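> Below are the structure tokens for one structure; questions will follow.
We did not get these values from a lab; they are worked out from the coordinates using the rules stated. The structure displayed is predicted, hence computed values, not measured ones. FYI the Cβ positions are ideal-geometry reconstructions off the backbone, even for glycines, and counts take in every protein chain you see.
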Amino acid sequence: MIVCKFGGTSIGDADAIRRAADIVRSRLSQGPIAVVSALGGSTNVLIDIAEQAARGQLIGAMSHVESVRDRHLVVAGNVLPGPEGDEIALELSALCDEIGALAEALSTLGHLTPRSLDTVASFGERMSSLLIAAAFNAMGVPAQLVDARRVMITDAQHTRAEPLTDAIAEAARVHLAPLVRDQKVPVMGGYIGATAGGITTTLGRGGSDYSASLVGAALQAEAIEIWTDVDGMMTADPRVVPSAKTIETVAFEEASELASFGAKVLHPFTIAPAVRLGIPVRVLNSRRPEGTGTSITFDAPRRPVTAIAGKSNVTLVKVRSPRMLLTEGFLRELFAIFERHKMSVDVVSTSEVSVSVTVDDAARLEETIGDLRQLGDVAVEQNRGIVALVGAALSESSGAMSRALACIGAARLHMLSLSATGINLTMVVDGDEVDALLRRLHAEFFEGKR
Ligand code: ADP
Ligand code: ASP
Ligand code: MG
């Protein structure tokens with residue numbers, strides 16, 4: 001059994017869907033399960049619809065609903081001509097009517113809860129999986145639609161629900177494995193799930209990769225294939241560094257660090273379920289399926305620098321307290337506050353009297369800061385960014401380390417941290433310095449310009 005996950009751009013239009021069908025067809029002997037994202041860009045539009053409606057801008061929201069409808073109907077018409085297409089078009093249209101009804105309800109309420117946001121956002125994958133399953137069948141791939149919400153059982157933390165792995169394993173055995181045994185290709189949406197009571201949830205933006213690896217782990221798949229719009233995991237984001245190169249093999253641990261620090265090609269949580277069972281994750285280009293892509297496994301060469309990742313919109317929180325000096329339990333109290341507010345912390349550095357941490361999600365920061373103030377003075381610095389240099393043998397190479405530090409140049413450094421595993425040198429700089437620093441580091445380590 002293998003899992004083939006297709007991202008939004010890999011199913012964005014009729015040609016892309018045909019390529020995806022060809023890929024799945026070429027893997028029929030391996031027992032593929034297809035996990036699909038929403039058609040590229042639809043999740044953003046759905047979130048806009050929910051937000052606009054809740055602000056009372058119902059006309060704008062409804063015009064977006066119509067654009068979602070048109071887009072899906074056009075693609076359906078292209079991949080499914082004939083009566084079958086008409087039937088799917090009716091089903092898609094009924095789903096769009098539901099989105100419209102939800103938008104009306106939200107505009108009456110004037111309020112958007114994470115739970116309603118999840119419900120609206122889930123329509124992207126609900127529609128794409130319906131459409132892709134039908135298209136695959138029309139293209140000779142024996143597909144069977146499976147509602148992801150029957151498989152991806154999660155807790156109720158809406159917009160970033162935690163998967164319940166035992167329940168998922170059980171559901172996958174019931175709803176997916178028998179289909180594969182019957183030589184059918186289950187097609188399910190990524191990103192979305194439901195609580196055990198059936199309330200729709202989502203795993204967080206970009207979560208379809210995570211869905212794929214959860215399904216792969218649940219069924220102990222032989223491989224998890226992430227089909228996307230680039231040739232694999234690259235030495236840097238090719239949108240920032242056009243000369244970035246594809247990496248043949250990356251260690252699980254490296255891929256996990258890169259994903260957490262901005263390599264959007266993989267959702268940061270994708271690696272954990274796969275690494276537990278040693279299931280290789282492959283990142284492949286759906287526009288160039290003949291390419292070898294990137295294999296993420298245990299046995300990758302140990303390099304000082306494998307790749308560089310970066311992200312902006314990072315918030316730096318500094319807590320300064322004379323109490324910290326020689327006080328046991330200070331850090332425990334500090335992290336308990338972050339835990340209580342479910343804020344995940346990326347980079348940490350401490351001195352005798354202060355602690356600095358970075359957080360991605362500034363949404364609930366206000367409440368967290370209120371609590372942190374009980375520990376000491378709190379300073380918040382927004383618009384920071386992170387650049388992470390990742391390589392399994394990084395800490396063993398003093399040469400690589402000093403070359404990296406020399407690239408900092410005039411960028412203002414706010415934090416510098418070598419991960420405990422020694423594979424990630426993280427630099428916190430001004431958000432608008434991220435791309436330039438990334439390019440300098442890439443030139444230094446991958447472009448032979450020393
Ligand atoms: P999908 O819709 O297939 O999930 P995403 O947009 O989520 O695609 O991820 C693919 C994008 O990730 C690429 O287009 C690329 O710009 C970006 N990216 C960022 N860092 C990297 C990297 N190190 N290697 C490859 N792609 C990267
Ligand atoms: N459609 C979802 C998103 O845009 C999930 C994904 O594409 O992975 O965030
Ligand atoms: Mg993605």
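> Round to a whole angstrom and tell me the spacing of the C-alpha centers of the range 1-53 and the range 415-436.
So the two Cα centres are separated by 33 Å.
> Additional query: Using the Karplus curve 6.51 cos²θ - 1.76 cosθ + 1.60 with θ = phi - 60°, work out ³J(HN,Hα) for each residue of the range 69-75 in order, rounded to whole Hz, and write x for Gly and Pro.
Using θ = phi - 60°, the values come out as 4, 4, 4, 5, 5, 5, 4 Hz.
> Provide the FRET efficiency to the nearest 0.05 for the LEU28-ASN78 pair, computing r from the beta carbons and using R0 = 35 Å.
0.90
> Can you bin the range 106-163 into rounded, prolate or oblate? Criterion: square roots of the alpha carbon gyration tensor eigenvalues sorted a ≥ b ≥ c, rounded for a/c under 1.5, prolate for a/b above b/c, oblate for the rest.
Taking the square roots of the gyration eigenvalues as a ≥ b ≥ c, the range 106-163 is oblate.
> If each residue's Cβ is checked for other Cβ atoms within 10 Å, how do TYR210, TYR191 rank with the fewest at the top?
TYR210, TYR191
> Rg over Rh of the chain, using C-alpha atoms and the Kirkwood radius, what does it come to?
Radius of gyration over Kirkwood radius for the chain works out to 0.99.
> Compute the helix-to-body angle for 165-175: its Cα long axis versus the longest principal axis of the chain, expressed 0 to 90° and rounded to tens.
It works out to around 20 degrees.
> For every other residue with a beta carbon closer than 15 angstrom to the beta carbon of ILE192, add +1 if it is Lys or Arg and -1 if Asp or Glu, then tell me the sum.
Here the charged neighbours net out to 0.
> What is the range 379-450 by shape, rounded, prolate or oblate, if you read a ≥ b ≥ c off the alpha carbon gyration tensor as root eigenvalues and call it rounded for a/c under 1.5, prolate for a/b larger than b/c, and oblate otherwise?
oblate
> Now for a different question. Could you tell me the distance between the Cα centroids of the range 195-227 and the range 276-298, to the nearest Å?
17 Å
> Another question, if that's okay. Would you order THR228, THR246 from fewest to most other beta-carbon atoms within 10 Å of each residue's own beta-carbon?
Ascending Cβ contact count within 10 Å gives the list THR246, THR228.
> For LYS184, which lysines qualify as cross-link partners when the Cα separation must be under 28 Å and same-chain residues fewer than eight apart are set aside?
Partners within reach: LYS5.
> Please state the charge dipole magnitude for the chain, taken about the Cα centre, from unit charges on C-beta atoms (+1 on K and R, -1 on D and E), reported in debye and rounded to the nearest 20.
Value, rounded to 20: 820 debye.
> Using a/c under 1.5 as the rounded threshold, could you call the range 61-171 rounded, prolate or oblate? The axes a ≥ b ≥ c are square roots of the C-alpha gyration tensor eigenvalues, and prolate needs a/b larger than b/c, oblate otherwise.
It is oblate, given that a/c is not under 1.5 and a/b is not larger than b/c.
> Related question: Answer with one residue from ALA411, HIS341, VAL180: the one whose Cα lies farthest towards the positive end of the charge dipole of the chain, charges on Cβ with Lys, Arg +1 and Asp, Glu -1.
The residue sitting farthest along the positive end of the dipole is ALA411.
> Relative contact order for the chain: what is it in percent, counting Cα pairs under 8 Å that are at least 6 residues apart?
After rounding, I find 13 percent.
> What is the gain in length, in nm to one decimal, between GLU328 and ALA177 on full extension, counting 0.36 nm per residue of separation less the C-alpha to C-alpha distance?
49.2 nm
> What is the spin-label model distance, in nm, from ARG205 to ASN383 if the labels are put 7 Å beyond Cα along the C-beta direction?
Placing both labels 7 Å along Cα→Cβ, they lie 1.9 nm apart.
> Near ARG364, within a Cβ-to-Cβ distance under 14 Å, what is the net charge of the other residues, with Lys and Arg +1 and Asp and Glu -1?
Net local charge, ARG364 excluded: -3.
> Hey, another quick one. For a 29 Å ceiling on Cα separation, which of these pairs sit above it: LYS245/LYS342; LYS318/LYS342; LYS264/LYS318?
LYS245/LYS342
> To continue, here is another question. The chain: longest stretch without exposed GluC sites (Glu not before Pro) (DSSP loop, at most 11 other Cβ within 10 Å), sites themselves excluded?
Here the longest run is 1-289.
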